[in-house]
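Peer 1: Handing you a structure now.
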Amino acid sequence: QVQLVESGGGLVQAGGSLRLSCAASGRTRSTYAMGWFRQAPGKEREFVAAISWSGGNTYYTDSVKGRFTISRDNAKNTVYLQMNSLKYEDTAVYYCAVAKNPITPIVGIDSVGSWGQGTQVTVSS
């Protein structure tokens, strides 16, 4: 069973940057798509970004396009989320995710096989 360990969350001013990291262990995950979701208080968990198993394809929700960048290092079994130009509405708990099946993409919550513990990102106005 895969275990995901997240780091990099914190408190930043609007316009600032953070980089989230998620390291996978327990099972080989190099051929699995990975991604990030977030959940704000009182709201449902929503998709943020995803990256294919090869790293050749990335996907973003409209609200973060041009500001966030997802990447992965398969040798380290680690996925990153670089967040620039942060806004107050980005405030949420961010969760790392791994796809249920190898090679296939993350297209929503139902496609996720494992979740990280979550890391808090707070953006002050």
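Peer 1: Of everything in segment 89-107, what is open to solvent by less than 80 Å² (accessible area, probe 1.4 Å), closer than 10 Å to Gly35 by Cβ and part of a loop (DSSP other than H, G, I, E, B)? Give them in sequence order.
Peer 2: In the first step, residues of segment 89-107 are kept if they are open to solvent by less than 80 Å² (accessible area, probe 1.4 Å); the result is 90-99, 102, 104-106.
With the extra rule that they be closer than 10 Å to Gly35 by Cβ, the set shrinks to 95-99, 105-106.
Across segment 89-107, the qualifying residues are Pro105, Ile106.
Peer 1: Identify, please: which residue in segment 20-53 is more than 15 Å from the chain's Cα centre (by Cα) and closer than 22 Å to Gly9 by Cα and is, among those, most open to solvent (accessible area, probe 1.4 Å)?
Peer 2: This residue is Glu44.
Peer 1: How many of the residues making up segment 54-72 are buried (at least 20 other Cβ atoms within 10 Å of the Cβ) and either in contact with a Leu (Cβ under 7 Å, 6 or more places away or on another chain) or assigned to a loop (DSSP other than H, G, I, E, B) (or both)? Steps first, please.
Peer 2: Quick first cut of segment 54-72, residues buried (at least 20 other Cβ atoms within 10 Å of the Cβ) only: 64, 68, 70, 72.
In the following step, the residues that additionally are either in contact with a Leu (Cβ under 7 Å, 6 or more places away or on another chain) or assigned to a loop (DSSP other than H, G, I, E, B) (or both) were identified as 68, 70.
Final tally of qualifying residues: 2.
Peer 1: Which one of the conditions (1) in a loop (DSSP other than H, G, I, E, B); (2) surrounded by 15 or more Cβ atoms within 10 Å (Cβ to Cβ) does Ala75 fail to meet, given that it meets all the rest?
Peer 2: If we test Ala75 against (1) in a loop (DSSP other than H, G, I, E, B); (2) surrounded by 15 or more Cβ atoms within 10 Å (Cβ to Cβ), just (2) comes out false.
Peer 1: For the structure I just gave you, tell me whether Gly15 is of a type in the set (Gly, Ala, Ser) and open to solvent by 60 Å² or more (accessible area, probe 1.4 Å).
Peer 2: Details: of a type in the set (Gly, Ala, Ser): yes; open to solvent by 60 Å² or more (accessible area, probe 1.4 Å): no.
Against the criterion (of a type in the set (Gly, Ala, Ser) and open to solvent by 60 Å² or more (accessible area, probe 1.4 Å)), Gly15 does not qualify.
The values are calculated or read from the model by the stated rules, or taken from the named source; none is laboratory data. Since this is a predicted model, take the numbers as computed values, not measurements. For neighbour counting, all protein chains shown are included, and Cβ atoms are generated from backbone atoms with ideal geometry for every residue, glycine included. Note: accessible area is taken over every heavy atom of the protein model, side chains too, but ligands, DNA and RNA are not part of it. Shrake-Rupley method; radii C 1.70, N 1.55, O 1.52, S 1.80 Å.
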